[in-house]
Amino acid sequence: ALRRAFSEVTDPESLRFDLLDGVMEVPDSLTEAVVSERVAAAGMKAAPVGSEDTETTWWSRHGLDALTAASGISVVASFLLHGTIEGFSAAIGSEGMGDVEHQAPLYIIALYLVAVGTGLVRVVPKALLAAKRLRPDMNLLMTIAVGGAIALGEWFEAGTVSFLFALSLSLEAWSVGKARRAVEKLLSLAPPTVRIKDEDGSSEVSPDSVSVGSVFIVQPGERFALDGIVALGTSDVDQAPITGESERVPKEAGDEVFAGTINGNGSLEVRSTKLASDTTLAHVIEMVGEARKDRSDSERWVERFARIYTPVVFAVAALVAVAPPLVLAEPFEPWIYRALVLLVIGCPCALVIATPVAIVAGLASSARQGVLVKGGQYLEAPASIRVVALDKTGTLTEGKPRVVSVEPLNEHTTEQLLAIAAAVEARSEHPIARAILQHAAEQAVELPACSDVQIVPGKGTTGTVNGRLYWLGSHRWLEERNQETIKVHDALEQRSDAGRSVVVVGTDDHVCGFITLADGLRADSKAAVAALHAAGIKRVAMLTGDNQGTANAIAAEVGIDDVRAELLPADKVTAVQALERDYGPVAMIGDGVNDAPALARSSLGIAMGAMGTDVAVETADIALMTDDMIKLAWLIEHSKRTLGIIRQNTTFALGIKAIFVVLTFAGVASLWGAIAADMGASLLVVANALRLLKSEGP
């Protein structure tokens with residue numbers, strides 16, 4: 001209704017809705033007055049987020065339940081009173097039609113009117129708007145059905161239908177509330193205060209007021225309010241609220257901790273590294289909030305279906321009401337009654353509510369496992385993936401290479417070679433650069449000054465040391481520079497075949513030597529690849545910028561099907577396109593800046609370690625909070641489970657309606673039975689959707 005109301009002033013697809021919090025985002029071009037007017041045209045009320053009008057009251061929280069209870073009590077009281085006075089057969093009617101010769105007393109009718117009024121008080125205004133705009137919806141369906149029952153003298157059924165429809169609305173609100181509470185529990189992780197260490201000891205302040213570099217104290221059992229680095233103390237930390245890890249993680253001085261995680265048995269002093277608005281938890285909250293506003297393909301389908309389905313139900317019901325009496329000269333009352341039953345059972349409540357609840361429950365469950373999905377469409381996408389393409393460094397391997405040998409050539413010494421390489425890489429954040437710098441520090445090598453440092457994407461780095469230009473890069477760059485000798489070639493190939501990475505150091509006229517590094521394989525890489533195959537993935541590929549020999553060695557060890565090495569960022573994009581063309585939808589998993597183009601081009605981009613490279617996380621559709629490869633297979637199965645529940649709900653809801661259509665034409669369906677079936681269907685599909693909240697992780 002809101003999309004239709006805004007169609008005159010903006011593109012309806014530009015509106016974004018948060019089902020759980022009742023929030024709508026509109027384009028900046030729309031003024032507050034226009035938004036309020038358009039929302040009012042849809043029969044609703046709007047207020048800016050955070051304004052006084054949005055503050056909750058007892059009535060806003062419990063008013064619908066109170067009206068529903070009043071409607072139910074009135075129906076029961078009317079029925080019992082009528083049955084006691086005139087007999088229960090008269091109170092409930094005969095074969096779905098009341099006995100018009102023995103109408104209920106006026107005071108009984110008055111009680112039924114209370115049931116109708118309290119049950120439909122929020123429905124009728126929306127129904128009138130729908131009728132005025134000639135756009136029938138479920139509110140109009142129910143209002144006409146109740147009005148028709150009253151016109152036929154079916155007071156028991158009119159009151160019962162009103163109550164059951166109000167009850168179904170309350171159940172929908174309850175189901176949405178349960179999903180909301182699940183998300184709120186996930187997001188309400190950071191404590192409201194933080195204990196800052198100062199000259200007077202410590203003081204508690206709001207996390208928002210803490211600057212980067214401040215030291216705060218976390219006692220055993222408390223939650224961390226900010227991201228930071230442990231400055232003093234040792235403890236074990238429960239990171240499950242953020243990363244989904246099942247085991248506590250030991251922490252000591254120099255280790256990183258995250259807001260929302262729970263301290264173990266030791267007291268820690270932590271130096272904050274991020275503002276409260278920039279913590280990992282803050283990014284999680286932002287991602288989950290944004291994801292709730294994006295509609296999945298299933299939600300879009302249901303919306304399109306309901307847009308056509310509801311008018312068709314009206315047309316069929318009208319035809320049923322008038323065709324048999326006019327064509328076959330049958331009495332009007334039985335066929336009007338059957339038309340009303342069709343209107344009730346035709347209400348698309350179960351279809352409309354079940355899919356978004358399933359999506360929200362699926363998103364909340366994923367976030368609880370440390371898997372951040374940026375929208376409903378991305379929650380559904382893993383189920384259709386046929387190829388998984390993996391980066392090597394930081395994805396299959398630990399991403400923490402270490403130097404295993406420094407081999408100088410052409411009269412350079414080991415210390416000179418290491419000093420030059422470390423000086424050129426001094427400002428780089430690349431894992432290989434950090435490994436070289438760490439090794440130089442361990443060897444107590446003094447670094448010379450370096451200037452004019454430039455990164456050559458996909459090849460290496462150049463810099464001027466002691467007035468001379470040096471380059472550091474791959475074996476392939478050495479070949480491109482035409483500086484390779486047979487001896488150097490053989491040495492590099494030997495190390496590559498052993499699964500080692502090699503950084504060549506040289507000048508314009510000779511090779512100074514090379515540094516060999518080893519990057520350990522993740523403990524779970526082999527199991528993760530096997531789990532992907534078991535989850536139905538046709539092909540697991542490795543896309544890496546590393547040399548072919550190292551890539552082949554890693555691939556053979558973990559069971560990779562397809563190895564594509566020595567790739568520049570643009571080459572990875574080409575490889576993703578080729579895999580998609582040959583095998584089907586591709587999920588690209590990476591963690592670095594050089595993976596961002598391939599993440600963007602793939603059918604589904606997944607960033608390893610949301611606590612890592614910002615560019616990769618921003619580009620990806622899904623972010624794994626830890627570098628836990630096993631969760632890739634879990635994500636695929638979770639996606640399939642979510643789609644399966646959505647299909648079950650759709651099939652069940654439509655099946656119930658089909659059964660009642662047959663019963664209606666057979667003359668054995670009643671109004672209250674139809675609304676009870678529709679309400680029961682709504683309750684069952686919502687309960688089925690909420691099962692996703694209990695999805696267990698790997």
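Only a single criterion out of (1) open to solvent by 50 Å² or more (accessible area, probe 1.4 Å); (2) assigned to a loop (DSSP other than H, G, I, E, B); (3) in contact with a His (Cβ under 9 Å, 6 or more places away or on another chain) is not satisfied by residue 483, namely (1). Can you find a residue in region 110-122 that is open to solvent by less than 50 Å² (accessible area, probe 1.4 Å), at pLDDT below 80 and among the aliphatic types (A, V, I, L, M)? No, because not a single residue in region 110-122 is open to solvent by less than 50 Å² (accessible area, probe 1.4 Å), at pLDDT below 80 and among the aliphatic types (A, V, I, L, M). Within region 144-168, the residues that satisfy the criterion of being under 14 Å from residue 675 (Cα atoms) and either surrounded by fewer than 24 Cβ atoms within 10 Å (Cβ to Cβ) or among the acidic types (Asp, Glu) (or both) are 144, 157, 167.
Please tell me if residue 492 is at pLDDT below 90 and in contact with a His (Cβ under 7 Å, 6 or more places away or on another chain). The answer is yes for residue 492. If we scan region 629-649, do we find a residue that is of a type outside the set (Lys, Arg), within 25 Å of the chain's Cα centre (by Cα), outside any helix (DSSP H, G or I) and surrounded by 19 or more Cβ atoms within 10 Å (Cβ to Cβ)? Yes, region 629-649 contains a residue that is of a type outside the set (Lys, Arg), within 25 Å of the chain's Cα centre (by Cα), outside any helix (DSSP H, G or I) and surrounded by 19 or more Cβ atoms within 10 Å (Cβ to Cβ). The set of residues from region 650-676 being among the small types (Gly, Ala, Ser), assigned to a helix (DSSP H, G or I) and surrounded by 17 or more Cβ atoms within 10 Å (Cβ to Cβ) comprises 653, 673, 674, 676. Given the criteria crowded, with 24+ Cβ neighbours inside 10 Å and touching a strand residue (DSSP E or B) at 6+ places or on another chain (Cβ under 6 Å), does residue 363 qualify? Yes: the conditions hold for residue 363. For region 394-410, filtered to residues that are in contact with a strand residue (DSSP E or B) (Cβ under 9 Å, 6 or more places away or on another chain) and open to solvent by 40 Å² or more (accessible area, probe 1.4 Å), the residue that is nearest to residue 529 (Cα to Cα) is 398.
Can you confirm whether region 328-335 contains a residue that is open to solvent by less than 60 Å² (accessible area, probe 1.4 Å) and in contact (Cβ under 8 Å) with a residue 12 or more places away in the chain? Yes, some residue in region 328-335 is open to solvent by less than 60 Å² (accessible area, probe 1.4 Å) and in contact (Cβ under 8 Å) with a residue 12 or more places away in the chain. Listed by position, the strands (runs of 3 or more DSSP E) enclosed by region 500-616 that each have at least 3 residues that are in contact (Cβ under 8 Å) with a residue 24 or more places away in the chain and open to solvent by less than 10 Å² (accessible area, probe 1.4 Å) are 501-506, 511-518, 539-543, 586-590, 604-608.
For every residue, the table says whether it meets (1) of a type in the set (A, V, I, L, M); (2) open to solvent by 10 Å² or more (accessible area, probe 1.4 Å); (3) modelled with pLDDT under 80.
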| residue | (1), (2), (3) |
| --- | --- |
| 350 | yes, no, yes |
| 384 | no, yes, no |
| 390 | yes, no, no |
| 418 | yes, no, no |
| 426 | yes, yes, no |
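Restricting region 450-460 to residues that are open to solvent by less than 50 Å² (accessible area, probe 1.4 Å) and modelled with pLDDT under 90 leaves a set whose member that is nearest to residue 510 (Cα to Cα) is 460.
The values are calculated or read from the model by the stated rules, or taken from the named source; none is laboratory data. Nothing here was measured: the structure is a model prediction, and the numbers come from that model. Cβ atoms come from the backbone with ideal geometry, glycine included; neighbour counts cover every protein chain shown. When the accessible area is computed, the model is the full protein with side chains, heavy atoms only, and any ligands, DNA or RNA have been set aside. Shrake-Rupley method; radii C 1.70, N 1.55, O 1.52, S 1.80 Å.
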